[in-house]
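The values are calculated or read from the model by the stated rules, or taken from the named source; none is laboratory data. Only a predicted model underlies this, so the values are computations on that prediction, with no experimental measurement involved. For neighbour counting, all protein chains shown are included, and Cβ atoms are generated from backbone atoms with ideal geometry for every residue, glycine included. When the accessible area is computed, the model is the full protein with side chains, heavy atoms only, and any ligands, DNA or RNA have been set aside. Shrake-Rupley method; radii C 1.70, N 1.55, O 1.52, S 1.80 Å.
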Amino acid sequence: MYALAFLAVPIIAVILFSFWTQDFMTLDRTFTLDNYREIAEKPIYTVLLQRSIYVSACVTLVTVILAYPIAYFVSFHVEPGRKSLWLFLITIPFWTSYLIRVFLWKVVLGYNGVVNSGLLGLGLIDEPLSFILYNVNAVIITLAHAFAPFAILPIFVALEKIDRSLLEASQDLGETRFTTFLRVTLPLSMPGLVAAVLIVFIPTIGDYVTPELMGGAGGKLIANMIQVQFRELNNAPLGAALALMAMVSVTAISLVFIFLNRRWLRRQG
Amino acid sequence: MSTLISLSQVEKYYGDYHALRGIDLEIRSGEFFSLLGPSGCGKTTLLRTIAGFEGVSGGAIRIDGKDMAGVPPNLRPTNMVFQSYAIFPHLSVAENVAFGLRRSGLSKTDKARAVTEALEMVGLGGFGKRAAHALSGGQRQRVALARALILKPKVLLLDEPLSALDKKMREQMQVELIKLQRQVGITFILVTHDQEEALVMSDRIAVMFDGEIGQMADPETLYRRPASRRVAEFIGQMNFLQARIVDDAGASLMLEVAGLGRTRVEASQATADARTGACVVGLRPETLGILFEGEAPRLGQEVIDAVVDEVVYYGDMTYYHVHIPGVAEPLKLSMKNITGRPVLDIGTSTRVAWDPRALVLLGG
């Protein structure tokens, strides 16, 4: 019932809106594909969607590549009694609001920020680095940090579930530690890795706070455009159509990813 | 038979805990060798040091003449069957068995043939395509065996391989393992806490207590001539009676045994420490016999009066606890239920025959 009320109804509303048009202050409820035609014809929307997918993919890649070693370390090299302490420490960033963390990254990455003044002070650079603020890179760094715990936890759980004698068996059968990782640990932790990828990838597409604050002029994403359509331009139908496009793209990419992953696992035999 | 594995003065510490205390061991090529002991005695640790999963804190392990110090498990000529079987859940049965063949340099068809042969050898022909997680306990164990034996190791290490199986399956696998070992001719080292299993399967057994080897011998010697009271208690059932050496004539000893009186035994029936200090006499239940109506003691047997204290009926056997005068603890004895023999009631007075040749004199 709750699922219906809080998930299905809004989605149906968005779908309906996307087939209507806004006539200044009133909503024209005749069925039309005009919104989709506009999205297809004007390159700005496609560019924004592509950029969003690119940013999300980068964030996912960076997050998972950074999260896996941390999860691995906590699972394999921290003594059992200390693991919960480590997990607790990993979740500490959640204690401050998401917005505050984004602003803090501005402080760290800004023209007079920690990174730039530090490097200037050391004489390593002559002028502030500009590629780390108000562009796509800044968005990627901030989002990757924000989503790291979401990626670490599922990977950690998957690693914890691996029977340690399987790793010994692999070594006993002639594999080194590294090839054991490739042939046993990685395939067995794959469910956690897939979960981490989806958990990071799906929400980052829809994130508009970080690109708004960190993205500058060239770092705006599809979510910002959807927000603009709904609020500033008062064009909910076009916004709804954009949102639906984004949702369909995310779903399609996720399904392709899961499919490729399954095939890779099957070939591991 | 030549020596395949030799351990000299092997020590293992976990922090302050002294897990292995100066283990000396020689295991011969083609032998079925068992490490037997209660949990925590160090038998699994010893197996894991041979496999290379644990380093040693002192001493040396040599396999086939080569010192194994610093050699990781993947480079040792040993393979292991784990207690949990450690079957890879993401692979099929055939893929599990073929796991170690990746570096073998065999062609795809040779590998497939080797896998088929290995599966047939352990009685799992036609199971190759099954998913590993869909197997029963006994089948998982067979897969683990096939996976290890396909690599033709010099030594197969088995860590309590039968403990997870039910009794019937366990007995069946014991026989199959013995046959398999004879067939492939590979040295097997079995770790078990089940003395019966060790007696049934092994050529030789090392009994371990507290990180030390208490006795190393073939099953019959171990059972009939245990080297200490601890070994005697661990292997099978044993009655103990207080004893005193009255006269030590070198080749034979005159004993004064509580409840049994004076008797003479051969020197070979006594351990060295029993001849110098306090001692007890050990008697196996099956060497004692109730004399039923009309039965007479056999040549060399002595007879004492006894009262039945407890009766445990097992179908093929009946176990009795009997009291004899002068001894507080009842003696355990077992009788075959052959035709014509009644099962006695508690409280029945009877006579018990015993044989001085079946006594062992142990340090106590």
When B:LEU156 is run through (1) touching a strand residue (DSSP E or B) at 6+ places or on another chain (Cβ under 9 Å); (2) open to solvent by 20 Å² or more (accessible area, probe 1.4 Å); (3) not basic (Lys, Arg), the failure sits at (2)
message = Taking the criterion of being more than 13 Å from chain B (Cβ to nearest Cβ) and surrounded by fewer than 21 Cβ atoms within 10 Å (Cβ to Cβ), would at least one residue in segment A:160-170 satisfy it?
response = yes
Counting only strands (runs of 3 or more DSSP E) wholly inside segment B:285-364, the ones holding at least 2 residues that are among the acidic types (Asp, Glu) and over 25 Å from B:ALA274 (Cα atoms) are B:302-313
Exception for B:HIS321 within (1) open to solvent by 20 Å² or more (accessible area, probe 1.4 Å); (2) within 30 Å of B:ALA249 (Cα to Cα) falls at (2)
Filtering segment B:14-43 down to residues that are hydroxyl-bearing (Ser, Thr, Tyr), surrounded by fewer than 22 Cβ atoms within 10 Å (Cβ to Cβ) and closer than 23 Å to B:GLN83 by Cβ yields B:TYR14, B:TYR17, B:SER39
Scanning segment A:178-206 for residues that are within 14 Å of another protein chain (Cβ to nearest Cβ) and open to solvent by less than 40 Å² (accessible area, probe 1.4 Å) gives A:THR179, A:THR180, A:VAL184, A:THR185, A:LEU186, A:PRO187, A:LEU188, A:SER189, A:MET190, A:GLY192, A:LEU193, A:VAL194
Scanning segment B:116-135 for residues that are within 25 Å of B:LEU190 (Cβ to Cβ) and among the aliphatic types (A, V, I, L, M), the one nearest to the other protein chains (Cβ to nearest Cβ) turns out to be B:ALA132
Checked B:GLN237, B:GLN174 against criteria (in a helix (DSSP H, G or I), touching an Asp or Glu at 6+ places or on another chain (Cβ under 9 Å) and not aromatic (Phe, Trp, Tyr)); the one match is B:GLN174
For segment A:175-210 the number of residues that are over 17 Å from A:LYS161 (Cβ atoms) and of a type in the set (S, T, N, Q) is 4
When segment A:235-269 is checked residue by residue, the ones that are open to solvent by less than 50 Å² (accessible area, probe 1.4 Å), polar (S, T, N, Q) and more than 14 Å from every other protein chain (Cβ to nearest Cβ) are A:ASN235, A:SER249, A:SER254
Within segment B:96-116, the count of residues that are open to solvent by 60 Å² or more (accessible area, probe 1.4 Å) and touching a residue at least 12 places away in the same chain (Cβ under 8 Å) comes to 1
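Per-residue answers, yes or no, for (1) open to solvent by less than 50 Å² (accessible area, probe 1.4 Å); (2) hydroxyl-bearing (Ser, Thr, Tyr); (3) more than 30 Å from A:GLU160 (Cα to Cα):
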{"position": "A:ASP23", "(1), (2), (3)": "no, no, yes"}
{"position": "A:THR32", "(1), (2), (3)": "yes, yes, yes"}
{"position": "A:ASN35", "(1), (2), (3)": "yes, no, yes"}
{"position": "A:LYS42", "(1), (2), (3)": "no, no, yes"}
{"position": "A:LEU48", "(1), (2), (3)": "yes, no, yes"}
{"position": "A:SER56", "(1), (2), (3)": "yes, yes, no"}
{"position": "A:THR63", "(1), (2), (3)": "yes, yes, no"}
{"position": "A:HIS77", "(1), (2), (3)": "no, no, no"}
All conditions in (1) within 27 Å of the chain's Cα centre (by Cα); (2) acidic (Asp, Glu); (3) in a strand (DSSP E or B) are true of B:ASP273 except (3)
Of the listed residues (B:MET169, B:MET208), the one being among the aliphatic types (A, V, I, L, M) and open to solvent by less than 40 Å² (accessible area, probe 1.4 Å) is B:MET208
Note on segment B:211-230: residues in contact (Cβ under 8 Å) with a residue 24 or more places away in the chain and either assigned to a loop (DSSP other than H, G, I, E, B) or open to solvent by 50 Å² or more (accessible area, probe 1.4 Å) (or both) are B:GLY211, B:GLU212, B:MET216, B:TYR223, B:ARG224, B:ARG225, B:PRO226, B:ALA227, B:SER228, B:ARG229
**Message:** On the basis of being part of a loop (DSSP other than H, G, I, E, B) and out of contact with any helix residue (DSSP H, G or I) (no Cβ under 7 Å at 6 or more places or on another chain), does B:GLY22 make the cut?
**Reply:** no
Checked against (1) in contact with a Leu (Cβ under 8 Å, 6 or more places away or on another chain); (2) under 18 Å from B:GLY347 (Cβ atoms); (3) part of a strand (DSSP E or B); (4) hydrophobic (A, V, I, L, M, F, W, C), B:VAL246 satisfies every condition except (2)
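Out of A:PHE73, A:PHE94, I need the residue that is open to solvent by 70 Å² or more (accessible area, probe 1.4 Å), closer than 22 Å to A:VAL197 by Cα and more than 19 Å from the chain's Cα centre (by Cα). Which one? It would help to see each step written out before you state the result.
Values: A:PHE94 fails: more than 19 Å from the chain's Cα centre (by Cα).
The unique qualifying residue is A:PHE73.
Out of A:GLU175, A:GLU232, report the one residue that is outside any helix (DSSP H, G or I), open to solvent by less than 10 Å² (accessible area, probe 1.4 Å) and farther than 22 Å from A:ILE65 by Cα.
Checking each option against the conditions leaves just A:GLU175.
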Whether any residue in segment B:142-154 is of a type in the set (A, V, I, L, M, F, W, C), under 29 Å from B:SER2 (Cβ atoms) and free of Cβ contacts under 8 Å to residues at least 40 places away in the same chain is what I want to check.
no
(request) With the condition kept exactly as written, say whether any residue in segment A:123-140 is crowded, with 20+ Cβ neighbours inside 10 Å and within 14 Å of another protein chain (Cβ to nearest Cβ). (result) no
The number of residues in segment B:44-60 that are open to solvent by 30 Å² or more (accessible area, probe 1.4 Å) and of a type in the set (S, T, N, Q) is 2
When segment B:40-95 is checked residue by residue, the ones that are away from chain A (no Cβ under 14 Å), touching a helix residue (DSSP H, G or I) at 6+ places or on another chain (Cβ under 7 Å) and part of a loop (DSSP other than H, G, I, E, B) are B:VAL56
